[in-house]
Amino acid sequence: MLFIYGALPVGGIETFFMRMAKERHRLGLHTTILLLSLPHESNPELLNEMKKYANVLFPDDIFLNLGKFTRRLPLLVPVKKRALERILENVDQIHASDGMHALVGYRLSNMLNKNIIVTVGFYHYIKFLWGGDNVAWHEKVNRKFIFDFLPEKSLLFFSEGNRQLYIKHKRKKLADANTFRLGVIDKKDIKVSGEVNLPIKIVAIGRLVDFKTYNFYMIRVLKNLKTKGFNVQFDIYGDGPLKAQIADEINKAGLSESIHLKGTLDYLKFDETVSNYNLFIGSGTAIIQAAALGLPSIVGVENVIEAETYGYFSDVNQYEYNLKGLDLEMISVETIIEDYINMNTQQRKTLISSHLECIDSFTNESCQKSMDELKYITMPAKKLKYNRWIYEFSRILDRVSMRFNKRHPKLTQFEDFKPN
């Protein structure tokens, strides 16, 4: 298998690729990942971990070295054919999470007439929905390639809710698309205890970006809980463009002693670190990892301004749990935390056990098995035709547009897109 991606910061998609490489290595299967970036743009710990289980490549390993053009224009830069032959020798599937990366994989396969299946993972629910028809030409090509050219079986939605969302907005049946769950955890042997010590420690882990609104409303929740006399602490692990804004809100609320920005969490220390907390709040793959440790985990619904949630992960794991607009009752996050604090030991043990029991479908073993089956899909015999020069020119113009147009569809994707 060949993964094609940008870089490896610490995030849900990146750690998923690492876990799949690790599971494949355990099974004696070959994995390669092509990162269209420079090595220093990846998290060093995650990159080193990936190198233990996969053949990690950078643009100069496969394309002619033309400086920045090699990384930025992979659809145009000449390829080292002998290197490509070696790289694709053991590849039976090319996987990407981005339209351009998928087209790069398609180009490489076609250069050797290998006809390797290209699969695309829908790792965020509006990845190929934002902007509707108001997108640049290259993005229209991406979506034509994904929805009109690739076999439906090569589209991976990872949940039925996400598939239904695309059925609604793309007006396609997508009957053959795959919906198996992401591999996030290995089954662990966890000792269940309902005992707690003060302060009650709550943790969030993930990129500090605008759609993860729980990082902001939790400041209000902590202030209210402390006003009521509860001894609580909230630690936020992660980095991103909103870090300074969150820090400012914490200081304004006078909570710098109770809410801490801890920076990026070393992926290899996830279990060791998170096990020291009482509650988790968040979304993505981190909430599954936390639940697998027996940590009661509150779903952080993306783009919800008020401090409301669908509940604990163990209650809603069968849904696209981080998606706004599900037909589920919304509950006060503050109330959930209060109720947790007031539980007796047996009630907490039951809650912990419910989280441990709900993560079987998220195991790496199950996901890898499902992904490996995709290698038997056949690509269309007829080739996709588009102008690679116009495509890259469109990408360049679109990047310039984003600098000057604050209402660019990509910049307002979470504001404008209404999943319900």
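Here, each number is a calculation from the coordinates, and none is a lab measurement. All of these numbers come straight from a predicted model, not from anything done at the bench. FYI the Cβ positions are ideal-geometry reconstructions off the backbone, even for glycines, and counts take in every protein chain you see.
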Using the count of nearby Cβ atoms within 10 Å as a rough guide to exposure, how do T309, T412 rank from fewest to most?
T412, T309
Proximal lysines relative to K51, as straight alpha-carbon distance under 27 Å, when same-chain residues fewer than 8 apart are discounted:
K22, K68, K80, K81, K114, K187, K188, K262, K269, K369, K375
Cβ-based exposure ranking for F147, F122, in which fewest neighbours within 10 Å come first
F147, F122
May I ask which residue of N162, P409, S332 lies farthest towards the positive end of the charge dipole of the chain, with charges of +1 (Lys, Arg) and -1 (Asp, Glu) on Cβ and the Cα centre as origin?
P409
What GluC sites (Glu not before Pro) does the stretch 266-375 have in DSSP loop regions with at most 11 other beta carbons within 10 Å?
E329
Quick one: check the C-alpha center-to-center distance for the stretch 89-105 versus the stretch 341-408, whole angstrom.
14
Each label point is 7 Å from the Cα along the Cα-to-Cβ direction; what then is the distance between the points at S401 and N48, in nm?
4.3
From the C-alpha coordinates alone, can you work out the Kirkwood hydrodynamic radius of the stretch 129-243, in Å?
18.7
At 37 °C and 0.692 mPa s, grab the translational diffusion coefficient of the stretch 200-361 from Stokes-Einstein with a Kirkwood Rh over Cα pairs, rounded to a whole number in µm² per second.
208
Cα centroid separation, the stretch 160-196 to the stretch 1-16 (Å)
18
Listed by chain and number, the lysines with an alpha carbon less than 16 angstrom from that of K168, same-chain partners under 8 positions apart left out, are K127, K324, K418
Cα centre as origin, Lys/Arg/Asp/Glu Cβ charges: the stretch 200-361 dipole, Debye:
520
Quick one: which residues, 5 or more positions from L29 or on another chain, have an amide H under 5 Å from its amide H? H modelled 1.01 Å from N in the peptide plane, none for Pro or chain starts.
none
Give me F230, F362 sorted ascending by neighbouring Cβ count inside 10 Å, so fewest comes first.
F230, F362
How big, on average over all directions, is the shadow cast by the Cα convex hull of the chain, in nm²?
20.2
Quick one: P(r) of the stretch 269-420 from all Cα-Cα pairs, 5 Å bins, percents rounded to integers, in order of increasing distance.
1, 8, 13, 13, 13, 11, 11, 11, 9, 5, 3, 1, 1
Placing unit charges on C-beta atoms (Lys and Arg positive, Asp and Glu negative, everything else neutral), compute the dipole magnitude of the chain about its Cα centre in debye, rounded to 20.
1760
